[in-house]
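Scroll down for the structure; my scribbles are underneath it.
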Amino acid sequence: MRIVEAFRAAYGASPETVWHAPGRVNLIGEHTDYNDGFVLPFAVPWGVTAAITPRTDGTIRLLSLQADGGPVTMASHDESTGWTRYVVGVLAMLGDRVSGADIAIDGDVPQGAGLSSSAALEVAVASALNDLHDLGLTPMEIALLGQKAENDFVGMPCGIMDQAASALCEEGHALFLDCRSLASRTIPLDLASHGLAMLIIDTQAHHEHAGGEYAKRRAECESAARKLGVSALRDVTDLPAALELLQGDERRRTMHVVTENHRVEALVGLLRAGAVTEIGALLNASHLSLRDQYEVSSPELDVAVEAAVKGGARGARMTGGGFGGSAIALVPVDRLDRVQESVAAAYAERGFQAPRFLPATPARGAHRV
Ligand code: GLA
């Protein structure tokens, strides 16, 4: 394995353990996780591999096969910058349970595509350290640790979805997660037997203010919940009554979150009933809600979704945080070419950078390799 070779070349011995953790796409349930709601992501076939040997002197040595130069050496957590913060953040959250490590990282999650390469990195490192130090953490505890590293160390106020998907998903399944109770269930997602495929359309576009907008949406939801006297928007049961008490952005955000939670439950119901071909309408409805009520889409995402449907997709939506990144489209296998041509042509017509198409089959969550 090339990561083992790189580890040996850098540190002079084989790593004590190697773990892989995947990125994710979200089938439905967008911007619901930090509202204590429901999500339905699945793991993608790309991820991050972390090779680690513990140290006892507090030093962290860190090498990435995707970064130039040799290993970076850090005497303390404060010295970390850039991508290393996702790794060092995990070590920092483990406190004195871990005293330094030699680490090598290899990854193949398409960068900037919104497929959660950072969650994959956190979960791969946390899983490996859990294994090496016999910490006895469950996959959900590993996900929470990764989220905490991202919230408290990196400073991104993300929810639990990405890390949970990376830690808990199973091959051929989506993960139905209640982000309040953290109860989860895997749901079989066998598209091929229905003549369908899930196509990821990477817009190759990214909004530079995405992080700030994300925090703003989160704050708006929390403020709306306070005004409604509920602990989270997940608790809104009478939507018209709630909307009467709100105005402007908070009103629209609430509309999205409440209806999106119902769409997740409806989609899970359709999957369990074997009505896979019918989920497309819910994907379309989710996209419109994210575009018009939650306002986190982008021209590139909207064009991808519209052109995919025009080309014969049964449904499509933006996936992930928004403002760029990727859309997903549910496509009958015999229309895959037409859908891609339709999206590529629409992009060319508007002068957008050409999109990238990636097939998404539900892959396995974090595991030792
Ligand atoms: C990002 C965050 C997740 C989630 C999605 C939106 O991916 O990391 O926690 O909030 O956005 O659904």
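The values are calculated or read from the model by the stated rules, or taken from the named source; none is laboratory data. This structure is a prediction, so every number in the text was calculated from the model and none was measured. Using ideal geometry, Cβ is built from the backbone for each residue, glycine included, and neighbour counts are taken over all protein chains shown.
Counting only strands (runs of 3 or more DSSP E) that fall entirely inside segment 158-207 and contain at least 3 residues that are within 16 Å of the ligand (Cβ to nearest atom) and closer than 20 Å to Q111 by Cβ, the qualifying elements are 196-206. Against the numbered list (1) in contact (Cβ under 8 Å) with a residue 24 or more places away in the chain; (2) surrounded by fewer than 19 Cβ atoms within 10 Å (Cβ to Cβ); (3) in a helix (DSSP H, G or I), V123 comes up short only at (2). How many residues are under 15 Å from V48 (Cβ atoms), at pLDDT below 95 and not in a loop (DSSP other than H, G, I, E, B) when one looks only at segment 91-116? Qualifying residue count, segment 91-116: 0. Looking at segment 217-322, the helices (runs of 4 or more DSSP H) lying wholly inside it that each contain 1 or more residues that are modelled with pLDDT of 95 or more, out of contact with any Ser or Thr (no Cβ under 9 Å at 6 or more places or on another chain) and closer than 30 Å to A348 by Cα sit at 280-292, 299-310. When each of G58, G70, G29 is tested for being away from the ligand (no atom under 16 Å from the Cβ) and over 18 Å from G89 (Cβ atoms), the lone residue that passes is G70.
Can you name every residue in segment 319-369 that is among the aliphatic types (A, V, I, L, M) and more than 22 Å from G195 (Cα to Cα)? Residues satisfying the conditions are A344, A345, A346, A348, A354, A366, V369.
Beta carbons closer than 6 Å, at least 6 apart along the sequence or on distinct chains, pair a first residue in segment 202-224 that is surrounded by 15 or more Cβ atoms within 10 Å (Cβ to Cβ) with a second that is aromatic (F, W, Y) and not in a strand (DSSP E or B) for H207/F323; A210/F323; R218/Y34.
Here is the figure for segment 313-368: residues that are of a type in the set (D, E, K, R), surrounded by 17 or more Cβ atoms within 10 Å (Cβ to Cβ) and over 24 Å from the mean Cα position of the chain (by Cα) total 1.
Which residue is nearest to L115 (Cα to Cα), if the candidates are limited to segment 306-326 and must be away from the ligand (no atom under 16 Å from the Cβ) and among the hydrophobic types (A, V, I, L, M, F, W, C)?
If we take residues in segment 306-326 being away from the ligand (no atom under 16 Å from the Cβ) and among the hydrophobic types (A, V, I, L, M, F, W, C), then A316 is nearest to L115 (Cα to Cα).
Within the span defined as segment 75-85, one or more residues are over 14 Å from A21 (Cα atoms), within 16 Å of the ligand (Cβ to nearest atom) and either touching a Phe, Trp or Tyr at 6+ places or on another chain (Cβ under 6 Å) or at pLDDT 95 or above (or both). Residues that are within 18 Å of A13 (Cβ to Cβ) and either surrounded by fewer than 14 Cβ atoms within 10 Å (Cβ to Cβ) or hydrophobic (A, V, I, L, M, F, W, C) (or both) within segment 48-64 comprise A50, A51, I52, T56, D57, I60, L62, L63, listed in sequence order. Output yes when any residue across segment 76-87 is free of Cβ contacts under 8 Å to residues at least 12 places away in the same chain, of a type in the set (D, E) and either crowded, with 22+ Cβ neighbours inside 10 Å or more than 14 Å from I103 (Cβ to Cβ) (or both), and no when none is. Yes, because at least one residue in segment 76-87 is free of Cβ contacts under 8 Å to residues at least 12 places away in the same chain, of a type in the set (D, E) and either crowded, with 22+ Cβ neighbours inside 10 Å or more than 14 Å from I103 (Cβ to Cβ) (or both). Tell me yes or no: at least one residue of segment 35-45 is closer than 30 Å to T237 by Cα, within 16 Å of the ligand (Cβ to nearest atom) and either acidic (D, E) or part of a helix (DSSP H, G or I) (or both). Yes, because at least one residue in segment 35-45 is closer than 30 Å to T237 by Cα, within 16 Å of the ligand (Cβ to nearest atom) and either acidic (D, E) or part of a helix (DSSP H, G or I) (or both). If you take the residues in segment 131-149 that are more than 19 Å from A363 (Cβ to Cβ) and buried (at least 24 other Cβ atoms within 10 Å of the Cβ), which one is nearest to the ligand (Cβ to nearest atom)? Here the residue is Q147. Summed over segment 143-183, residues that are touching a strand residue (DSSP E or B) at 6+ places or on another chain (Cβ under 9 Å), aliphatic (A, V, I, L, M) and in contact (Cβ under 8 Å) with a residue 24 or more places away in the chain total 9.
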